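Below is one structure, written out as structure tokens, with a few remarks after it.
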Amino acid sequence: MSIVKPDKLTDKKPEKSLLAKFSKKSGRSHGKISVRHKGGGHKRKFRLIDFKQDKIGIPGKIISIERDPNRNALIALVSYKDGEKRYILASEGMERGKEIIADEKVPIKDGNRMKLKNIPTGTIISNIEMIPNHGGQIIRSAGTGAALMAVDKNMAQVKMASGEIRAIRKECYATLGQVSNFEHNAIKIGKAGRKRWMGIRPTVRGTVMNPVDHPHGGGEGRTGAGLKHPKTPWGKPALGKRTRRKKKHSSKFIIKRRTKR
């Protein structure tokens, strides 16, 4: 079992005014399980995160860097010049006392936020808007970052962490630098009980079930799935099947599909 304790974490209780009730559904919709293996887990409060960062032109000072139980990235509590406090996603290199600002054009410094059209090509960016003034929607998980490839006419070309190259309106805002807590992937859970604290219930392999319960089930002793391609419990392809809708409206913005690893 292992844990990662980032260097710049602040030993401070969360800001009460930015907490909200977080009720669990245990993977159920109208009483029926729609997402399996969810339930239990520790009590949590939801942190209200400002993905828009629409305090344009108002500088803010970072008061603390904190963990958020609802996401793998760290969050930063920012106090703005007008007295308002907000939580934002922490970028790599953010620390207590550092100043940040969001505007159409700002100094090239990790944590600052500005429009794609003013960011130099090759810069690593995160928390990117897909529609102007809708707030950051992509590149928000721990340690991820996208590269701005080019800006042409009304669109900017952004290379995602997956290798996909996507066109995004150049009026959209993005944060400079990659998302914090890149060591998150190095964590070893170590024991089953720790997964239960996280609200994740046990997963049973299909090969140990009976044929009535799973397509992989049955057979004498330890036998494999016995199928050319693995299947879900409902008989649908489990690997390699494309799930994206063929006529999805946003497909026209994908310049290059993500590469297989």
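Every read-out reported here was derived from the displayed coordinates using simple, explicitly stated rules and does not represent laboratory data. Because the structure is a prediction, the values reported are computed rather than measured. FYI the Cβ positions are ideal-geometry reconstructions off the backbone, even for glycines, and counts take in every protein chain you see.
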Greater than 31 Å apart at Cα, pairs in K21/K231; K43/K236; K52/K256; K38/K256; K85/K248; K85/K256:
K21/K231; K43/K236; K38/K256; K85/K248; K85/K256
Which pairs, out of K159/K188; K55/K81; K5/K188, put more than 18 Å between their alpha-carbon atoms?
K159/K188
So what's the gap between the Cα centers of the range 203-229 and the range 144-169, to the nearest angstrom?
43 Å
Return the sequence-ordered ³J(HN,Hα) values of the range 57-63 in whole Hz as given by the Karplus equation 6.51 cos²θ - 1.76 cosθ + 1.60 applied to θ = phi - 60°, using x for Gly and Pro.
x, 9, x, x, 10, 7, 8
Test of the criteria: in the range 158-258, which GluC sites (Glu not before Pro) are in a DSSP loop and have at most 11 other Cβ atoms within 10 angstrom of their Cβ?
E220
Jot down the radius of gyration and Dmax of the chain, Cα atoms only, both in angstrom.
21.9, 71
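Within the range 189-239, list the trypsin sites (Lys or Arg not before Pro) lying in a DSSP loop whose Cβ has at most 15 other Cβ atoms in a 10 Å radius.
Numbers: sites: K191, R194, K195, R196, R205, R222, K228, K231; in loops: K191, R205, R222, K228.
Taking the range 189-239 and a limit of 15 other Cβ atoms within 10 Å, the loop trypsin sites (Lys or Arg not before Pro) found are K191, R205, R222, K228.
Identify the chymotrypsin sites (Phe, Trp or Tyr not before Pro) of the range 1-74 meeting these criteria: DSSP loop state and at most 13 other C-beta atoms within 10 Å of the C-beta.
On the way: sites: F22, F46, F51; in loops: F22, F51.
Sites meeting the loop and neighbour criteria: F22.
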For a quick check: sort D54, D7 by the number of other beta carbons within 10 angstrom, fewest at the front.
D7, D54
Between S79 and D152, what is the spin-label point distance in nm, taking each point 7 Å from the Cα along the Cα→C-beta axis?
4.7 nm
To the nearest whole percent, what portion of all C-alpha pairs in the range 20-168 is separated by more than 24 angstrom?
41 percent
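Would you mind ranking M198, M149 by Cβ crowding within 10 Å, fewest neighbours first? The partial results should precede the final answer.
Numbers: M198 12, M149 16.
Ascending Cβ contact count within 10 Å gives the list M198, M149.
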Tell me the label-point distance for the pair I56, W197, using the 7 Å Cα-to-Cβ offset, in nm and rounded to one decimal.
4.4 nm
Residue-ordered couplings for the range 85-100, obtained by feeding phi - 60° into the Karplus form 6.51 cos²θ - 1.76 cosθ + 1.60 and rounding to whole Hz (Gly and Pro as x), are 10, 9, 8, 10, 5, 7, 8, 4, x, 5, 8, 4, x, 6, 9, 10
Options V151, H249, P202, ranked by Cα towards positive dipole end of the range 142-261, top entry (Cβ charges):
H249
For D68, which sequence-distant residues (separation of 5 or more, or a different chain) have an amide H within less than 5 Å of its own amide H, given hydrogens modelled in the peptide plane?
I75
Long-range amide H partners of A156, meaning residues 5 or more apart or on another chain whose placed amide H is closer than 5 Å, are I168, R169, K170
Short version: ³J(HN,Hα) in whole Hz for each residue of the range 26-40, in order, from phi by Karplus 6.51 cos²θ - 1.76 cosθ + 1.60 (θ = phi - 60°), x for Gly and Pro, what are they?
6, x, 10, 10, 6, x, 9, 5, 10, 10, 6, 6, 10, x, x
Under a 5 Å amide H to amide H cut-off, with H placed in plane at 1.01 Å, what residues pair with Q178 once short-range neighbours are removed?
E92
